[in-house]
C-alpha cells in the first residue's frame, strides 16, 4: 500500500464515501456532480496493491490541453488515491464505511461489490439530480445513473447497473447485475437484460425482448428478437456477428 505520508490530507466525515475502483474517466465524471446528491467523497481507491501507472504528460499532449486535473499515483481531484487489493479493510481502518464501486469491467465490479458486502461496507448509489424515476421502480444498491436517465414504472435495476446520459429504461424492465446502458439507448416495456450485458450508444430494443448474459448490443442496433448470451449483435435489425466466452466472477 502507498505510504500514507504521500497522500493529500483528508479527514473523513461520518457520511463520507470512497469511490472504488479508480478509473480517470468514470470516477472523474461522477465526482463532478455527486456532491449535488449530498454525498461527500473522501477518497478514491485503486483496488490493487501497487499504485496506478499514470503518464500525465502523454495524457496532456493527447488532449492538447494542460488545464485538466490529472491524477498522480497517490491523488486525484485533490483527494487521496489509495491502493490496496484488500481495500474494504483499508477503508474501515480509515473510518470510511460507505463506498461506490464503479470499474468499467463488469465482472470486476461485481467481485468488488461482493468484497464490500462481506466486509460490511455500505454500498451507495450515485443518482444525478436530473434523473427521472417513475413510481414503484425498484432500485438496488450501487447504481450509477447519469444525467437525464429515465427509469420507468415498475422497472427494476439490480446492483451495479450503470445508466449513462439520457438512457431510457421503460416500464417493467428488469436489468440484472452490472448491466451497462450507454447514452441515448431506448428500451420499450417488459425488456429483460441479463447481468454483464452492454447496450451501446443509441441502440433500441422493442418490447418483451430478452438480452442474454454478457451480450453486447452494438451502437445504433435495433433489437426485434431475443439476443443469446455471450454474443455481439449489430445492425438494423440486430444480427449476431460473433460469439465470446462466458465470464466468471472471482
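Table for the structure above
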quantity: Additional length obtainable on full extension of the chain from residue 92 to residue 165, 0.36 nm per residue less Cα span; calculated: 23.0 nm
quantity: Proxy reagent accessibility, fewest Cβ within 10 Å first, across 241, 223, 206; calculated: 241, 206, 223
quantity: Neighbour-count order for 109, 242, 148, 210, fewest beta carbons within 10 angstrom listed first; calculated: 242, 148, 210, 109
quantity: Antiparallel DSSP beta bridges within segment 126-239, percent to nearest 5; calculated: 5
quantity: Degrees between helix 106-119 axis and first principal axis of the chain (Cα, 0 to 90, nearest 10); calculated: 60
quantity: Calculated [θ] (222 nm, deg cm²/dmol) that DSSP helices of n ≥ 4 give over the chain, each run adding -39,500 (n - 2.57); calculated: -4000 deg cm²/dmol
quantity: Of (1) 56, 41, 34; (2) 60, 37, 32; (3) 62, 45, 37, the label for Cα extents along the principal axes in Å derived from the coordinates; calculated: (1)
quantity: Rounded to 5, the percent of DSSP beta bridges in the chain classed as antiparallel; calculated: 10
quantity: Two-decimal ratio, segment 58-189, of alpha-carbon radius of gyration to 2.2 N^0.38 Å; calculated: 1.20
quantity: Inter-site label distance for residue 105 and residue 222 at 7 Å from Cα along Cβ, in nm; calculated: 3.7
quantity: Label-to-label distance, nm, for residues given as residue 119 and residue 153 (7 Å Cα→Cβ offset); calculated: 4.2
quantity: Burial ordering of 248, 36, fewest other beta-carbon atoms within 10 Å first; calculated: 248, 36
quantity: Additional length obtainable on full extension of the chain from residue 50 to residue 246, 0.36 nm per residue less Cα span; calculated: 67.7 nm
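Computed from the coordinates by the stated procedures, all read-outs in this text should not be read as laboratory data. Keep in mind that what you see is a predicted model, and the values were worked out from it rather than measured. Methodologically, a virtual Cβ is constructed for each residue, glycine included, from the backbone with ideal geometry; neighbour enumeration extends over all protein chains shown.
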